[in-house]
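Quick notes on the structure that follows.
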Amino acid sequence: FRRVLFRSDLLRALEWTSDPRVRDSIRQTLGSNREYTLKNDEAALAAYHEIIDSSKQLGSADQFYAVQGIARIETRRGKYKAALSALRRVDIAKQGGFWRGSLLMSLADTQRAAGLKAEAIATYKSIVADETTDARFRKTAEESLSKLRD
């Protein structure tokens, strides 16, 4: 009952909200709820795509989360080309701080899952070498590198 109420509240809010950034935030919440709570990847993908498909350039947190959500779901489905394509919608090289590290980790993890070992190693190494990247991402990248080398 709670899930249905939550979902219907969000859908109603979406109907009455005109601000594009707030609408993206609502869609992001809907996508996350569909993916993690309802375990409905198809519906989650639809919500995530609504956030990014009409945008020429991506730059907001909700858009980045949507790209990562698409990549995560497509990777689970074994659709690596679609996952990598979604991640490449963002110019990761132009990002800094948290988003640079987070998006690079998503890229490296997707490359690894796709069997692109050399590319994944190179991406993980770039994370480790970048002193501006959050230390948590550098540590996770180091751990992933050691697993790939084993």
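The values are calculated or read from the model by the stated rules, or taken from the named source; none is laboratory data. This one's a predicted model, so the numbers in the text were calculated from it and none came from an experiment. Backbone-built Cβ (ideal geometry, glycine too); neighbour counts: all protein chains shown. To get the accessible areas, we keep the full protein, side chains included, count just its heavy atoms, and leave off ligands, DNA and RNA. Shrake-Rupley method; radii C 1.70, N 1.55, O 1.52, S 1.80 Å.
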Might you let me know whether the range 18-25 holds any residue that is modelled with pLDDT of 95 or more, in contact with a Leu (Cβ under 9 Å, 6 or more places away or on another chain) and surrounded by fewer than 22 Cβ atoms within 10 Å (Cβ to Cβ)? no
Checking the condition part of a helix (DSSP H, G or I), in contact (Cβ under 8 Å) with a residue 24 or more places away in the chain and more than 24 Å from residue 21 (Cα to Cα), which residue from 145, 45, 103 passes? 145
Subset of the range 122-136 that is touching a helix residue (DSSP H, G or I) at 6+ places or on another chain (Cβ under 6 Å) and part of a helix (DSSP H, G or I) - its residue that is surrounded by the fewest Cβ atoms within 10 Å (Cβ to Cβ): 128
So residue 118, is it closer than 20 Å to residue 147 by Cα, free of Cβ contacts under 8 Å to residues at least 40 places away in the same chain, open to solvent by 40 Å² or more (accessible area, probe 1.4 Å) and part of a helix (DSSP H, G or I): yes
Checked the range 32-60 for anything over 14 Å from the mean Cα position of the chain (by Cα) and polar (S, T, N, Q); matches are 33, 37, 40, 54, 55, 57
Among the residues of the range 77-125, count how many are over 13 Å from the mean Cα position of the chain (by Cα) and more than 26 Å from residue 56 (Cβ to Cβ). 15
Give the range 34-89 a look and list any residue that's charged (D, E, K, R), open to solvent by 10 Å² or more (accessible area, probe 1.4 Å) and over 17 Å from residue 105 (Cβ atoms), or say none. 34, 39, 41, 42, 50, 53, 56, 62, 77, 79, 81
In the list 72, 112, 89, which residue meets the criterion of being modelled with pLDDT of 95 or more and in a loop (DSSP other than H, G, I, E, B)? 89
